[in-house]
């Protein structure tokens with residue numbers, strides 16, 4: 001289910017507007033009469049997933065409450081190039097002043113959603129589910145993870161505070177203290193409540209078996225080719241969920257999914273998604 005806190009939207013929008021509009025839009029205030037009114041349409045220049053309509057509404061409401069945004073499609077809809085997806089009408093000054101903030105956020109969110117949808121489609125028919133990562137734009141994580149869901153993928157942990165993941169650097173530091181993988185899992189388990197999942201990153205089939213034996217909830221199989229992934233899944237044998245990660249692209253993800261993993265995490269969903277080409281066209 002798609003959801004995005006109004007408080008989160010408001011915080012992002014106000015920071016973006018302070019950055020862009022500041023004390024006032026000199027171009028618009030100097031040239032556009034206060035009485036001027038206008039209507040414009042958000043038009044997708046290319047096919048993609050629509051994501052960010054609640055954010056558009058918040059931007060224009062913050063600029064001028066007299067501006068009215070009308071959605072022409074549902075949030076999460078897939079549209080072809082040339083489709084008008086929303087209109088905004090009202091005082092021209094507010095429309096122009098909010099244009100860039102609205103487009104920046106809408107293009108970014110729709111780009112992430114579109115990228116997520118492509119990865120989800122690439123593994124259709126397998127049991128694998130696509131996960132995002134924490135490789136997000138600072139300050140925009142909530143919006144980008146929402147966009148991942150709009151594209152049909154699944155959120156991994158939101159931050160360091162809502163899940164345990166013992167990665168290679170954690171394990172290296174612990175190893176230097178004479179603490180092995182199994183003891184690391186035990187320590188992590190003892191430090192958190194029973195509702196918190198404990199995941200361990202491993203780089204070999206042998207480590208995968210050790211993590212499963214240590215009763216990790218999830219085993220992250222890092223940078224393994226499909227044959228090694230298949231072997232790791234076999235030794236884990238259902239004792240833990242498995243997640244493949246590391247350098248996975250649209251060209252390689254199908255083979256990774258067919259190795260039998262439960263999840264595939266893809267940093268590219270957020271760190272490499274380009275802004276979708278969307279325009280705001282003045283009508284009349």
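The values are calculated or read from the model by the stated rules, or taken from the named source; none is laboratory data. Please read these numbers as outputs of a predicted model, since none were measured by experiment. Glycine also receives a Cβ, built like all others from the backbone with ideal geometry; neighbour counts cover every protein chain displayed.
Side notes on the structure shown:
- Restricting attention to segment 229-250 and to residues that are outside any strand (DSSP E or B) and under 20 Å from the mean Cα position of the chain (by Cα), the residue that is surrounded by the most Cβ atoms within 10 Å (Cβ to Cβ) turns out to be 248.
- Close Cβ contacts (under 8 Å, 6 or more residues apart or on different chains) running from residues in segment 50-74 that are farther than 19 Å from residue 97 by Cβ to residues that are part of a loop (DSSP other than H, G, I, E, B) and modelled with pLDDT under 95 comprise 54/4.
- Scanning segment 215-228 for residues that are out of contact with any strand residue (DSSP E or B) (no Cβ under 6 Å at 6 or more places or on another chain) and either within 14 Å of residue 131 (Cα to Cα) or not in a loop (DSSP other than H, G, I, E, B) (or both) yields 226, 227, 228.
- Any hit, segment 144-157, residues being buried (at least 20 other Cβ atoms within 10 Å of the Cβ) and more than 30 Å from residue 54 (Cβ to Cβ): no
- Count - residues of segment 61-96 that are surrounded by fewer than 17 Cβ atoms within 10 Å (Cβ to Cβ) and assigned to a strand (DSSP E or B): 5
- Residue match in segment 16-39 (condition: in contact (Cβ under 8 Å) with a residue 40 or more places away in the chain, buried (at least 18 other Cβ atoms within 10 Å of the Cβ) and within 24 Å of residue 152 (Cα to Cα)): no
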